[in-house]
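Working notes, beginning with the structure itself.
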């Protein structure tokens, strides 16, 4: 029952040493509420900035 947004076939996956590490950057913020509505996660923020 494993799910993935894309059809990854583990037996066909190939490691590529040329790929660089994933780098994430974001602005700090505080969430008021995090909930699961059955098909996605909904995050409500305490500040008034538009976030996505």
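Residues of the stretch 9-43 that are part of a loop (DSSP other than H, G, I, E, B) and surrounded by 10 or more Cβ atoms within 10 Å (Cβ to Cβ): 29 alone.
Here is a yes/no grid of residues against (1) in contact with a strand residue (DSSP E or B) (Cβ under 6 Å, 6 or more places away or on another chain); (2) modelled with pLDDT under 90:
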{"site": "5", "(1), (2)": "no, yes"}
{"site": "12", "(1), (2)": "no, no"}
{"site": "17", "(1), (2)": "no, no"}
{"site": "21", "(1), (2)": "no, no"}
{"site": "24", "(1), (2)": "no, yes"}
{"site": "27", "(1), (2)": "no, yes"}
{"site": "30", "(1), (2)": "no, yes"}
{"site": "44", "(1), (2)": "yes, yes"}
{"site": "52", "(1), (2)": "no, yes"}
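The values are calculated or read from the model by the stated rules, or taken from the named source; none is laboratory data. From a predicted model like this one, the values you see are computed outputs, not experimental measurements. Every residue, glycine as well, gets a Cβ built from its backbone with ideal geometry; the counts of neighbours run over all protein chains shown.
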